[in-house]
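The values are calculated or read from the model by the stated rules, or taken from the named source; none is laboratory data. Please read all numbers here as calculations on a predicted model, not as lab measurements. Here the Cβ positions follow ideal geometry from the backbone for every residue, glycine too, while neighbour counts run over all protein chains shown. We work out accessible area using only protein heavy atoms, side chains counted, and drop any ligands, DNA or RNA first. Shrake-Rupley method; radii C 1.70, N 1.55, O 1.52, S 1.80 Å.
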Amino acid sequence: MISTADFRNGIVIVYKDNLMELVEFQHVKPGKGPAFVRTKLKNVLTGRTLENTFRSGEKMEEVRLNEETYQYLYNDGDLYHFMHNETYEQIEVGAGVVGDKKDYLKENANVTLLFHGDNPIVLNLPNTIVLQITKCDPGLQGDRSSGGTKPATLETGRTVNVPLFINEGEFIKVDTRTNDYLERGSETD
């Protein structure tokens, strides 16, 4: 158990039966009335944020999450298989934890899993990933300044918008948080 005096950015607490990460906090001592703490909390599982105030000295449960690096192996329906990079232990993670991030999972790619006890609860991808384009319309040479885009299907099945000069078979770097094309990439990135 921790109190509001122990708050620091990044800790995870249990609030209304949800795991919430403390993003921001501010101790407020008004002229009249008791002191309180104004906070911004982010749900660890859904990513939603909310603002809340706690009375000064209020106690709550702190949760320790373990972060481990794993290598993605394969998918067999609703289960995704990962291998720990140091111990080579293999685990299965359900589709609920992976969610939409499956669109960026490529065999042998490293990901970060957050564990609450022995249960994986969050899958984090690298901020950028290099993938090959498997399907897109032919590129238009000389059309680099118009800013137009076209849809391109990546090797994982995800579709992103790319500039008109990009061709099928090329490697591109994509931002996994916003699904945006960043730049051309290479197979070795």
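Assessment of region 84-95 against the conditions (of a type in the set (A, V, I, L, M, F, W, C), at pLDDT below 85, touching a strand residue (DSSP E or B) at 6+ places or on another chain (Cβ under 8 Å) and open to solvent by less than 80 Å² (accessible area, probe 1.4 Å)) yields at least one matching residue. Go through region 148-157 and count every residue that is more than 20 Å from residue 127 (Cα to Cα) and either of a type in the set (Val, Ile, Thr) or free of Cβ contacts under 8 Å to residues at least 12 places away in the same chain (or both). Qualifying residue count for the region: 1. Note on region 40-55: residues that are over 16 Å from residue 115 (Cβ atoms) and open to solvent by less than 70 Å² (accessible area, probe 1.4 Å) total 7.
None of 28, 37 is at pLDDT 85 or above, in contact with a His (Cβ under 8 Å, 6 or more places away or on another chain) and of a type in the set (A, V, I, L, M, F, W, C) except 37. Comparison of 149, 69 shows that the only residue that is open to solvent by 50 Å² or more (accessible area, probe 1.4 Å), in contact with a strand residue (DSSP E or B) (Cβ under 9 Å, 6 or more places away or on another chain) and under 30 Å from residue 14 (Cβ atoms) is 69. Screening residue 104 with (1) of a type outside the set (Lys, Arg); (2) within 22 Å of residue 46 (Cβ to Cβ); (3) surrounded by fewer than 12 Cβ atoms within 10 Å (Cβ to Cβ) gives one miss only, at (3). For region 1-45, the set of residues classified as of a type in the set (A, V, I, L, M, F, W, C) and either in contact with a Cys (Cβ under 8 Å, 6 or more places away or on another chain) or under 21 Å from residue 122 (Cα atoms) (or both) consists of 11, 12, 13, 14, 19, 20, 22, 23, 41, 44, 45, listed by residue number. Residues in region 84-129 that are under 30 Å from residue 183 (Cβ atoms) and in a strand (DSSP E or B): 110, 111, 112, 113, 114, 122, 123, 124, 128, 129.
So, in region 158-189, of the ones that are touching a residue at least 40 places away in the same chain (Cβ under 8 Å) and among the small types (Gly, Ala, Ser), which residue ends up surrounded by the fewest Cβ atoms within 10 Å (Cβ to Cβ)?
Taking the candidates together, the pick is 186.
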